[in-house]
1. Just in the range 52-144: which trypsin sites (Lys or Arg not before Pro) are loop by DSSP and have at most 13 other Cβ atoms within 10 Å?
2. Could you sort 423-430, 326-333 so that the peptide with the highest average Cβ count within 10 Å comes first and the rest follow in order?
3. Let me spell out the model: positive unit charges on the Cβ of Lys and Arg, negative unit charges on the Cβ of Asp and Glu, origin at the Cα centre of the chain. What dipole size does that give, in debye rounded to 20?
4. Tell me the mean residue ellipticity at 222 nm calculated for the chain from its helices only (DSSP H runs of n ≥ 4, each -39500 (n - 2.57), averaged over every residue, nearest 500).
5. If you find the alpha carbon centre of the range 1-63 and of the range 245-285, how far apart are they in angstrom?
6. What does the charge count around residue 173 come to, taking other residues whose C-beta lies under 14 Å from its C-beta (Lys +1, Arg +1, Asp -1, Glu -1)?
7. With an 8 Å cut-off on Cα pairs and a minimum separation of 6 or more residues, tell me the relative contact order of the chain in percent.
8. Checking the a/c ratio against 1.5 first, then a/b against b/c, what shape does the Cα gyration tensor give for the range 272-337?
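Read-outs throughout are calculated quantities, based only on the coordinates presented, and are distinct from any laboratory measurement. No experiment lies behind these values; they were computed from the predicted model shown. Positions of Cβ are generated from backbone atoms using ideal geometry, with glycine treated the same way; all protein chains shown enter the neighbour counts.
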Amino acid sequence: MAFDTILRGGTIATASDTFACDIGIRDGRIAALGEKLGDAKDIVDVTGKLLLPGGIDSHVHIAQPSGPGIVMADDFALATRSAAFGGNTMVLPFAMQQKGESLREVVAAYHKKAEGRCYIDVSFHLIIADASDAVLGQELPALVHDGYTSFKVFMTYEGLALSDMEMLNVMSVARETGALVMVHAENYDAIRFLTDRLERAGKTAPHYHAASRPIPVEREATHRAISLAEIVDVPVMIVHVSNRAAMEEIRRAQQRGLKVYGETCPQYLLLTEKDLEGLNMEGTKYVCSPPPRDKESQQACWEGLQQGVFSLFSSDHCPFRYDDPQGKMNPKGRTSFRWVPNGIPGVETRLPILFSEGVSKGRITLNDFVALTSTNHAKTYGLYPRKGTIAVGGDADIAIWDPQRKVTISQSLMHGGSDYTPYEGIDVTGWPVSTMVRGQFVVRDGKLVGKENAGAYVARGKSDLARPAGTQTAGR
Ligand code: DUC
Ligand code: ZN
Ligand code: ZN
């Protein structure tokens with residue numbers, strides 16, 4: 001038998017081309033692209049369907065400690081199952097260090113949480129909370145060498161925020177090791193100042209979360225992060241950008257020739273701060289940071305995607321249950337927005353939302369969609385060309401889409417651990433019907449057929465963004 005599987009009769013789209021062609025799969029990889037490929041154990045008729053590189057969601061939070069009494073809604077099994085139903089074949093969650101912890105031990109702990117519990121492939125970014133000499137001098141360079149080639153730093157959050165000096169030191173290690181720094185850009189002191197002032201005035205309802213971190217909080221930190229990266233001369237990825245002012249900071253830096261990159265997320269295209277005004281505590285369902293803004297900010301985020309200022313579209317999936325004392329409705333959260341856990345579910349809805357709002361409505365091309373949801377993630381985080389495209393030799397990570405299918409997003413359709421979706425009732429056109437990871441179906445015609453231990457950990461190479469031009473990875 002020439003192939004294990006042939007996908008016959010579909011239309012393939014990559015980040016650059018769209019073409020009708022069959023796919024022959026052998027030993028988990030794409031072995032042939034062409035017509036009349038011959039025989040296979042499983043010949044799947046995909047007439048009328050789109051065959052896209054599986055989504056890579058390079059910004060998800062899974063099973064992270066989130067404060068006393070708070071528990072994330074997803075473990076690795078739930079998050080990766082949900083991701084698979086959303087057309088993803090790989091996710092990149094964070095191994096989050098807390099102050100005083102050894103990075104090596106943190107990484108080992110996250111591997112333990114993930115081991116045997118992933119439906120799709122997984123790799124880890126690091127979160128650096130303790131920028132001590134031992135961490136930066138020894139552990140971090142060794143971990144980059146071992147395939148943990150990107151790390152996130154926070155400019156806000158108790159216990160996570162780094163000082164400018166610490167940011168500079170972390171960025172220096174990234175420069176020396178060829179790693180990529182991701183920055184959560186919000187000004188910590190400004191948020192504390194505004195939060196204290198709001199609470200003193202009795203303004204504690206969930207929607208004051210947005211007032212506690214307005215656009216200048218993000219714009220200032222974005223500008224500062226870019227400046228620090230320029231001083232060190234290192235590439236930087238500004239994650240979850242929510243508004244025009246921050247987007248324009250990134251654009252200006254790019255126009256000056258700096259290696260500054262941007263990411264935005266579904267919540268900044270579809271939600272606004274008005275969503276936080278829901279009756280009772282319903283607004284907590286939309287509490288995330290940066291907060292959703294307004295219609296003008298949504299438009300700016302679209303422009304960022306259309307004009308290449310943002311190269312990544314990720315979910316920032318960070319799910320908590322709503323009706324749960326360990327989630328959004330925790331007892332302290334009822335006393336002030338300050339204690340509502342930040343984050344919303346989104347790994348399963350990211351791709352249908354961008355496909356429908358972007359491709360079906362004509363805002364972006366299908367090839368842009370593939371770039372923004374898969375290929376650029378692979379290039380940015382050292383996975384390309386093994387992942388992120390449909391090419392001979394690459395992993396057979398493929399999402400099969402019905403571009404005409406109309407679906408109303410609803411919690412009843414979701415497969416994660418949360419008890420709500422922030423996108424309830426939104427109509428979409430275009431839906432991922434099957435997802436295949438390294439040649440094996442995980443979801444087939446809307447049904448789970450994969451196993452909880454089918455996903456693999458993938459050690460990564462260096463980011464294509466952190467390499468000198470012309471030295472991109474040539475192969476596996
Ligand atoms: N903000 C973050 O920084 N991370 C997770 C979710 C969120 O809202
Ligand atoms: Zn963040
Ligand atoms: Zn995040």
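1. Counting only loop positions with at most 13 other Cβ atoms within 10 Å, the trypsin sites (Lys or Arg not before Pro) in the range 52-144 are 99.
2. Order by mean packing, descending: 326-333, 423-430.
3. Using Cβ point charges on Lys, Arg, Asp and Glu, the chain gives about 260 debye.
4. It comes out at -7500 deg cm²/dmol, rounded to the nearest 500.
5. 33
6. -3
7. Reported relative contact order: 22 percent.
8. prolate
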